[in-house]
1. Carbon and sulfur: what percent of chain B's accessible surface (1.4 Å probe)?
2. Am I reading the A/B interface right? What is its buried accessible area, both sides, 1.4 Å probe, to the nearest 100 Å²?
3. Send over the Kirkwood Rh of segment B:1-95, from the inverse of the averaged 1/r over different Cα pairs, rounded to one decimal Å.
4. On a 1.4 Å probe surface of the protein chains, which of B:Val415, A:Val79 comes out largest in accessible area, and what is the full order?
5. For segment B:191-202, what does the Karplus curve 6.51 cos²θ - 1.76 cosθ + 1.60, with θ = phi - 60°, yield as ³J(HN,Hα) per residue in whole Hz, taken in order and with x for Gly and Pro?
6. Straight-line reach from B:Lys225: which lysines have Cα under 20 Å away, leaving out those fewer than 8 places along the same chain?
7. From largest accessible area down, sort A:Val93, B:Val282; use a 1.4 Å probe on the protein chains.
8. Relative contact order of segment B:297-409, please, whole-number percent, based on alpha carbon pairs below 8 angstrom and at least 6 residues apart.
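The values are calculated or read from the model by the stated rules, or taken from the named source; none is laboratory data. All of these numbers come straight from a predicted model, not from anything done at the bench. Cβ atoms come from the backbone with ideal geometry, glycine included; neighbour counts cover every protein chain shown. Accessible surface is based on the protein model in full, side chains and every heavy atom, while ligands, DNA and RNA are left aside. Shrake-Rupley method; radii C 1.70, N 1.55, O 1.52, S 1.80 Å.
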Amino acid sequence: MAISREDIEKVAYLARLQLDEAQTGALEKDLTNILNLVDQLQAADTDAVQPMAHPLDAVQRLRADAVTESDQRAAFQAVAPATENGLYLVPRVIE
Amino acid sequence: MQWEVVIGLEVHVQLATQSKIFSGASAAFGADPNTQASAIDLAMPGMLPVLNGEAVRMAVCFGLAVNAEIAHRSVFDRKNYFYPDLPKGYQISQMYAPIVGTGLVEIPLENGETKQVRIHHAHLEEDAGKSLHEDFHGMTGIDLNRAGTPLLEIVSDPDMRSAAEAVAYLRKIHSIVTYLGISDGDMSQGSMRCDCNVSVRPVGQTEFGTRAEIKNVNSFRFVEKAINAEVQRQIELIEDGGRVIQETRLYDPDANETRAMRTKEYANDYRYFPDPDLLPVVIDDSYIQRLRDTLPELPDEKRHRFTENYSLSDYDAAVLSQTRALADYFEQVVETSGDAKLSANWVMVELSRLLNQNDTPIERCPIAAESLGQLIQRIRDNTISGKIAKQILEPLWNGEGTPDQIIEKQGLKQVTDSGAIEQIVDEVLANSQEQVDNYRAAPEDRRPKMLGFFVGQVMKASKGKANPAQVNDILKQKLEG
């Protein structure tokens with residue numbers, strides 16, 4: 001299966017990646033190769049195989065419900081570009 | 001044309017854990033901005049989530065309460081989108097293998113019947129932070145205290161057919177989660193939020209119409225109003241030759257209308273995939289059985305018990321079992337007073353009126369259940385009449401003492417001394433010679449009605465304290481004899 005230029009542009013937009021013409025062209029080739037590999041995998045008979053969510057044969061460990069973190073706002077905000085009244089400031093997201 | 005309304009709800013319930021779903025930061029409400037946002041919640045590089053076992057327990061308890069299948073193996077996925085109050089650039093959720101499968105809840109209808117609403121599934125996820133759009137020099141302020149708070153998203157099938165049914169369903173979910181103690185259910189603080197999927201179709205048509213989703217409705221009243229406004233909009237649109245488009249809308253309570261959110265291109269392409277940072281959650285039967293054994297009596301069971309044990313009507317039982325706090329209060333009143341029917345009336349009528357007037361929830365009712373029970377006991381043992389009891393309710397509310405103290409202090413004790421009542425009756429009869437003559441001249445069947453006049457006069461003269469049954473007897477004796 002070949003991927004289209006529009007697909008690449010859409011995925012790049014969703015991932016907030018800015019690609020130039022040359023990068024888009026190179027990715028078109030690379031991704032098409034990857035999708036061809038996926039096509040080969042898809043052709044395998046998986047009827048008797050359970051879907052795998054994780055490659056490790058292990059299960060999630062559960063944490064006890066306890067507050068173990070203390071307030072480190074000052075340290076975190078020391079590296080933030082802009083803060084005010086304890087809030088992180090970001091470019092306006094609503095007009 | 002006749003239209004049928006089709007509604008499905010997605011209810012987000014904030015789980016009442018101490019810490020967050022994937023970090024050890026406090027999940028308490030109302031702290032200073034960002035003082036409860038840990039490195040994990042801030043998505044600092046290299047941080048890894050560790051699942052809170054309590055969130056899993058709460059989700060399973062909900063599933064058991066709605067007779068749902070519990071997934072022995074559930075998986076967390078990443079839901080990818082960019083917004084500043086979502087530091088990782090994805091929300092950890094469960095898309096393909098949620099922890100709670102299909103279930104069922106029963107809702108009461110206005111006509112007294114009940115209806116089953118199917119739960120499609122319920123899944124665990126993390127909440128996002130909060131964006132504050134007040135002006136910070138043209139910037140937006142971000143508070144990440146809420147980021148990582150555990151949510152249970154409960155998704156219904158499109159089974160509801162009116163705004164009233166949607167509200168009844170939401171109340172039922174609220175009732176279940178608060179009975180289980182897995183959420184405080186406080187909608188005003190965002191502990192329960194609701195997205196409403198609404199569509200209309202001509203009556204008789206089997207395919208669904210195109211639906212619009214009203215996001216983030218945060219009160220029972222707004223759910224009803226928002227759905228009704230949206231239904232009206234869709235019907236008018238279609239009848240004017242237009243078409244409903246699938247979109248996300250917001251309800252504006254001031255204008256009582258829904259408005260389309262500015263939809264970004266591709267906004268709904270979340271590219272879910274399993275989160276490699278989290279392993280599958282595996283639950284065995286013994287764990288599920290252990291939790292099943294801990295389930296409290298749920299609203300439906302309580303309602304049935306109230307009708308069976310206390311001989312209450314379905315309606316009374318439904319009202320009194322709606323919240324665990326109200327049900328517990330009522331049962332304590334019954335225990336003290338010894339009369340369920342009378343207790344039900346007092347809690348639902350007189351006490352409710354006071355609670356409403358003072359905008360006070362039952363949890364903060366200043367009249368202890370035992371006090372109300374004692375008051376009712378005094379009606380039962382003829383110390384006071386029901387009418388006098390109503391006068392005592394307000395001093396009770398204001399903390400002026402126990403029912404007995406107030407009765408004593410205000411001299412409200414019912415007069416049951418027949419000599420004393422006789423004296424009042426004699427005075428009344430002596431002052432109403434004309435009415436007495438009329439009564440004696442009247443035919444038998446008209447007399448009961450005329451007796452009311454004398455009862456009223458005697459009660460007035462005794463300041464409401466004479467025992468009404470005795471007054472009736474003595475009056476009849478004197479008038480007829």
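1. 47 percent
2. Values: alone 9450 and 24650 Å², together 30020 Å².
Chains A and B together bury approximately 4100 Å².
3. Details: mean 1/r = 0.0624 Å⁻¹.
For segment B:1-95, inverting the mean 1/r across all distinct Cα pairs yields 16.0 Å.
4. Result, largest first: A:Val79, B:Val415.
5. So the Karplus estimates, Gly and Pro as x, are 5, 9, 10, 9, 9, 10, 9, 10, 9, 10, 8, x Hz.
6. B:Lys172, B:Lys215
7. Working: A:Val93 50, B:Val282 80 Å².
From most accessible down to least: B:Val282, A:Val93.
8. It rounds to 21 percent for segment B:297-409.
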